[in-house]
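Every number here is computed from the coordinates shown, using simple stated rules; none is lab data. Not measured: the values here are computed from a predicted model. All Cβ positions, even for glycine, are placed from backbone atoms using ideal geometry, and neighbour counts span all protein chains on display.
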Amino acid sequence: MKSCIVVGGGLSGLTAAVYLSENKFKVTLLEASPKLGGRTYTLFNKEQDDWFDNGQHIMMGSYKETLLLLKKIGVHQKIFIQPSLNISFAEKNGAVSKLIAPKFGYPLNLLIALLKYRSLSFKDRLKIIDFFLNLLCCYQEDLRGVSVKDWLKKEKQSNEAVSKFWEILVVGSMNSSLEKASAQIFHEILREIFFNGNESAKIIMPMVGLTELFIEPVQNFFKNLNVSINISERVLKVVFYNGKAVRIITDKNSYSDFDSIVFAVPPYALQKIEYEPNINFKFPEFDYSPILNVHLWLSPNPFEEKFFSLIGSNIHWLFNHGAHISLTTSAADMFMESSNEEIVNCFCSELELFFPIFNKKMVIDWKVIKEKRATIVTDNSSDEKRKNFKTHFANLFFAGDWCDTGLPSTIEGAILSGKLAAQSVISFPER
């Protein structure tokens, strides 16, 4: 039986282990922390007797690999898929605009949704539609080195269209500002969402916590397969001989009975490992972009809709979980040095401006989670680094949302990278 060691128990490592184990591989998964899931996990608020995720993840119908994995591990029934694209955009003083596509008639239903988006002038709506039509004959290579901001400017998108439509889409999907975001990757995102069938533009919401959606089902999937999971075990050294990795040394064990290794950890973690003989690995050095999540427990909770996108706010999304709401800010550099109390006060004041039904006196508890290295900055520099990264050891493979998947650092990118790494291992010849 062929064997593989997977280093890293985030979504990319778990995905690699799923595909390897179902292909009759013996898999040993090593995770340095005491939990699986990486940046995807669920927490418990004892005072409120309520579970909450570290951060809300928006998934789309275009997340084909994520949906395939959920079906494979038997939990696809634990997600809610919209009947059609339906987003509520909140503006100051309580105004709400809807982006709603009819259920049928793709792709005309998406054009109808844009035409009815009342937050923008009719002229701006037409210019956005014109942009999408131009996208059909725009080649990704033509956007090499171009930022999303410059691309939108070239396509004559107005400031109003940028602030009330494009910025929400770019920052939410790429966790990068328009000035930094790679137009090449955004081009791919738009084509996947809007030109890949009616299902792709629908928003998907988990009906359970992220641990219950991903981590626990994967562990159950492994029960009847040849998979060993070792948490709280850190890789210290990798030994190479004759062009191959032959030994892994951890803080607890030494492993040599394997055919391949999948490293499913970020480059800054790879740089902390010793490589023998002294090999100068040139792992890519990325800039990282933070995500801020603020969870507010309310009594009473005045919100009825499942989620809102906020226009012109430091809060990008509001998600309603019943007992609590979750507020998400992407590319949240401006808040990383602020105290949690300052952030909560700022966000409550912001909510009062957007939702007259809300009052900060409703807040009975709160939690603030700062993911300072939530994703890599998806700019042109990182795009080139991802494409150019290669190693010359035959049995060494890499996975993670930083790898060259053509996607930003999302759940879908992480899961796709794990699948691609597993496929490379599977095709690796017998030792």
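I'd like the trypsin sites (Lys or Arg not before Pro) in the range 1-67 restricted to DSSP loop residues with at most 11 other Cβ atoms within 10 Å, sorted by number. Don't skip to the answer; put the middle values down first.
Working: sites: 2, 24, 26, 35, 39, 46, 64; in loops: 2, 24, 35, 39, 46.
Filter output for the range 1-67: 24, 46.
Centre-to-centre separation between the Cα atoms of the range 6-30 and those of the range 147-208: 32 Å. Taking the square roots of 5 times each eigenvalue of the Cα gyration tensor of the range 9-75, largest first, gives ellipsoid semi-axes of 25, 18, 10 Å. Computed from backbone phi, the HN-Hα couplings of the range 120-132 come to 10, 5, 4, 4, 5, 4, 5, 5, 5, 4, 4, 4, 5 Hz, rounded to whole numbers (Karplus: 6.51 cos²θ - 1.76 cosθ + 1.60, θ = phi - 60°; Gly and Pro given as x).
Relative to 2.2 N^0.38 Å, what does the C-alpha radius of gyration of the chain come to as a ratio? Two decimals please.
Working: Rg = 22.4 Å, N = 431, 2.2 N^0.38 = 22.1 Å.
The chain yields a ratio of 1.02.
In this calculation the C-beta distance from residue 130 to residue 338 is compared with R0 = 41 Å, giving a FRET efficiency of 0.55. Partner aspartates and glutamates whose Cα lies under 17 Å from the Cα of residue 72, excluding those fewer than 8 positions away in the same chain, are identified as 22, 212, 216, 412.
The range 253-390: percent of C-alpha pairs farther apart than 27 Å?
On the way: 3989 of 9453 pairs.
Value for the range 253-390 (Cα pairs over 27 Å): 42 percent.
Where in the chain is the longest stretch that carries no GluC sites (Glu not before Pro) classed as loop by DSSP and with at most 14 other Cβ atoms within 10 Å? Formally, the longest exposed-site-free interval is 48-178.
Counting only Cα atoms, I'd like the Rg/Rh figure for the range 212-252, Kirkwood definition for Rh. Walk me through the numbers before you get to the answer.
On the way: Rg = 14.6 Å, Rh = 12.8 Å.
Over the Cα atoms of the range 212-252, Rg/Rh equals 1.15.
Using DSSP to define loop residues, name the trypsin sites (Lys or Arg not before Pro) in the range 111-208 whose beta-carbon has at most 12 other beta-carbon atoms within 10 Å.
Values: sites: 116, 118, 123, 125, 127, 144, 149, 153, 154, 156, 164, 180, 191, 202; in loops: 116, 118, 144, 156, 180, 202.
Here the trypsin sites (Lys or Arg not before Pro) that fit, given the DSSP loop and packing criteria, are 156.
Any number yet on Rg/Rh for the range 163-232, C-alpha, Kirkwood? Please report the intermediate quantities before stating the final value.
Details: Rg = 17.9 Å, Rh = 15.5 Å.
The Rg/Rh ratio comes out at 1.15.
Max-minus-min Cα coordinates of the range 179-312 on each principal axis give 61, 40, 33 Å, with the largest extent listed first. Let me test this: with uniform point scatterers at the alpha carbons of the range 45-87, what is the Debye-based log₁₀ I(q)/I(0) at q = 0.14, 0.18 1/Å? Treating every Cα as an identical point scatterer, log10 I(q)/I(0) equals -0.48, -0.72. Under Stokes-Einstein, with the Kirkwood radius over Cα pairs as Rh, the value for the range 31-158 at 25 °C and 0.890 mPa s is 130 µm²/s.
Compute the Kirkwood hydrodynamic radius of the range 124-171, taking the inverse of the mean of 1/r over all pairs of distinct Cα atoms, and give it in Å to one decimal. Here the Kirkwood hydrodynamic radius works out to 11.2 Å. Per-residue 3J(HN,Hα) values for the range 91-96, derived from phi via the Karplus relation 6.51 cos²θ - 1.76 cosθ + 1.60 with θ = phi - 60°, read 10, 4, 6, x, 5, 10 Hz in sequence order (x marks Gly and Pro). The angle separating the long axis of helix 340-354 from the principal Cα axis of greatest extent in the chain is about 40 degrees.
How large is the translational diffusion coefficient of the range 339-388 in µm² per second when you combine the Kirkwood radius over alpha carbon pairs with Stokes-Einstein at 4 °C and 1.567 mPa s? Don't jump to the answer; show the numbers that get you there.
Working: Rh = 14.0 Å.
It diffuses with D of about 93 µm²/s by this estimate.
The chymotrypsin sites (Phe, Trp or Tyr not before Pro) of the range 72-104 that meet both conditions, a loop assignment by DSSP and at most 11 other Cβ atoms within 10 Å of the site Cβ, are 104. For the range 388-395, backbone phi angles converted through the Karplus equation (6.51, -1.76, 1.60; θ = phi - 60°) give residue-by-residue couplings of 8, 6, 8, 10, 10, 10, 4, 10 Hz, Gly and Pro being listed as x.
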